[in-house]
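Peer 1: Take this structure first; my questions come after.
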Amino acid sequence: MTAITHTPTESAPRVWLLFGERRGDNAQVLALARMLGWAFEVKQLRWQPDYDVDPAEAGISLAGLDLAASDPLTAPWPDLVIGIGYRSAPVSRWIGQQAGRIINIRLGRPRTELKPYDLVITTPQYGLPPAPNVRELPLPLVKADEKATAQAIARWRLEFERLPAPRIAVLLGGPTQHMAFDEAVARALARDLQAFAARTGGSLLITSSPRSPAGLKTILAPALSAPHFLFEFQAGADNPYLALLALSDAAIVTSDSASMIADAAAFARPLLIYELPWLGRSKKPGLVAGIKRHVRERRERRGMAGLPADTLDRFYDMLTRMGRARPRRNVLGLTQKLYQAGIARPFSPEADLAWKPATVTLQAQERLVAEIQALWTARRSR
């Protein structure tokens with residue numbers, strides 16, 4: 001990757017973005033940088049193939065980093081670093097150690113002590129507890145590339161506008177460790193989409209994704225008599241994804257993908273979540289593992305129910321802030337909070353499209369950007 005560099009001015013920080021090997025994660029880091037409006041430099045990090053060190057053990061280090069394949073981490077050091085997830089968490093702390101004092105921002109779930117970071121920006125599925133430096137957003141950060149969106153609209157508009165309104169974007173993910181998306185699910189999905197389109201009198205603009213089951217198109221296409229456009233994802237193909245979102249009147253997204261849900265929500269149109277069957281979680285054997293699981297799942301259930309934290313909850317939250325406990329990813333908790341906030345509604349063939357989503361996602365992002373800008377202003381004035 002060619003690094004994007006800039007010459008910092010007296011009023012703007014030098015910003016580094018730590019990119020990993022997941023495009024969706026990198027997109028969130030880039031989205032925040034674009035929202036802040038400061039020039040930045042991308043530092044692409046790559047890892048040794050056998051790297052498997054817990055970030056709490058790695059501490060402040062470059063453990064596991066493939067230095068030859070990564071962009072150089074050398075002076076001049078940044079004033080602000082934005083990274084995501086757990087692999088680069090020790091790296092961002094190492095950069096801070098070299099620089100002396102930086103604003104260290106981490107997205108997602110660092111899987112280590114939270115206190116060393118100026119801000120930890122997370123979303124409900126990670127279950128991080130409240131803390132002075134934790135900011136929970138309703139959804140992952142997204143900011144569409146305006147130029148790419150305009151090009152996609154120009155490319156696909158005529159084809160989509162031949163189809164009757166309302167035009168419903170349908171974004172399909174795939175199976176996960178905890179959610180099923182097999183042939184039986186695909187056939188049920190096809191029946192539900194057909195019933196929904198027939199009732200609304202509209203059309204379906206459907207796209208699969210890299211994780212979607214192979215042969216999904218051969219299952220969906222024969223079952224859909226309603227007007228539709230159906231794109232099966234292929235790497236390198238002319239992808240209509242941005243155009244689907246920009247030119248649709250509403251969206252249906254499978255529940256496995258928080259990033260696609262966030263992409264759809266950014267267009268502030270009715271959003272319906274198609275909930276994939278829940279498979280549950282694997283369970284480690286043993287008494288100690290069972291006790292840990294009970295406390296963790298109890299905290300998760302109480303949080304989803306909106307109950308105030310009791311003594312055991314607060315103890316588990318303290319361990320999480322210290323990096324000694326790790327809540328499991330909980331997509332069910334994410335969708336429930338989206339429903340409660342009015343951002344999305346659950347899909348059914350009878351679902352209504354005559355409603356306007358709440359704007360709390362945009363408002364939360366605006367507050368976050370203002371907070372980071374104020375943090376830099378205060379740091380610069382010292």
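Peer 1: Sequence gap at least 6, Cα distance under 8 Å: using those rules, report the relative contact order of the range 260-382 to the nearest whole percent.
Peer 2: Value for the range 260-382: 36 percent.
Peer 1: Treating the beta-carbon of each Lys and Arg as +1 and of each Asp and Glu as -1, no other charges, what is the dipole magnitude of the chain about its Cα centre, to the nearest 20 debye?
Peer 2: So the magnitude is around 980 debye.
Peer 1: The range 1-149: D in µm²/s via Stokes-Einstein (Kirkwood Rh, Cα pairs, 10 °C, 1.306 mPa s)?
Peer 2: Answer from the Stokes-Einstein relation: 101 µm²/s.
Peer 1: How far apart, in nanometres, would the label points at Leu312 and Leu375 be if each is projected 7 angstrom from Cα along the Cα-to-Cβ direction?
Peer 2: The two pseudo-label positions are separated by 3.4 nm.
Peer 1: In the chain, if the dipole is taken from +1 on Lys/Arg beta carbons and -1 on Asp/Glu beta carbons about the Cα centre, which of Val42, Ala325, Ile105 is farthest to the positive end?
Peer 2: Ala325
Peer 1: Using a Förster radius of 35 Å, what is the FRET efficiency between Arg199 and Gln44 based on their Cβ-Cβ separation? Nearest 0.05, please.
Peer 2: According to the calculation, E is roughly 0.15.
Peer 1: How much of the DSSP beta bridge set in the chain is antiparallel, as a percent to the nearest 5?
Peer 2: Approximately 5 percent, going by the DSSP bridge assignments.
Peer 1: Take each of the peptides 343-349, 141-147, average the number of other beta-carbon atoms within 10 Å over its residues, and list them starting from the highest.
Peer 2: Order by mean packing, descending: 343-349, 141-147.
Peer 1: Let me ask something else. I need to check one value: relative contact order of the chain, counting alpha carbon pairs closer than 8 Å and at least 6 residues apart, in percent.
Peer 2: 16 percent
Peer 1: Follow-up question, since we're still on this one. Sorted by packing (mean other beta-carbon atoms within 10 Å per residue), highest first, where do 268-274, 153-159, 77-83 land?
Peer 2: Packing order, densest peptide first, comes out as 77-83, 268-274, 153-159.
Peer 1: Working out 0.36 nm times the residue gap between Ser225 and Arg298, then minus their Cα-Cα distance, what length gain in nm do you get to one decimal?
Peer 2: 21.7 nm
Peer 1: Moving on to the next point. Output the peptides 123-132, 231-240, 361-370, 256-265 sorted from most to least packed, where packing is the average of other Cβ atoms within 10 Å over each peptide's residues.
Peer 2: Peptide ranking by packing, descending: 256-265, 123-132, 361-370, 231-240.
Peer 1: Using the structure shown, select from Lys283/Lys337; Lys143/Lys284; Lys143/Lys217; Lys43/Lys147; Lys143/Lys356; Lys143/Lys283 the pairs with a Cα to Cα distance greater than 32 angstrom.
Peer 2: Lys143/Lys284; Lys143/Lys283
Peer 1: Let me ask something else. Compute the signed sum of charges (Lys and Arg +1, Asp and Glu -1) over the other residues within less than 13 Å, Cβ to Cβ, of Ala358.
Peer 2: Its environment carries a net charge of +4.
Peer 1: Round to a whole angstrom and tell me the spacing of the C-alpha centers of the range 228-256 and the range 106-176.
Peer 2: After rounding, the separation between the Cα centres reads 15 Å.
FYI, it's all coordinate maths here, none of it is from the lab. Worth saying up front: this structure is predicted, and the values here are computed from it rather than measured. Because the Cβ atoms are built from the backbone with ideal geometry, glycine has one as well, and the counts that use them run over all protein chains shown.
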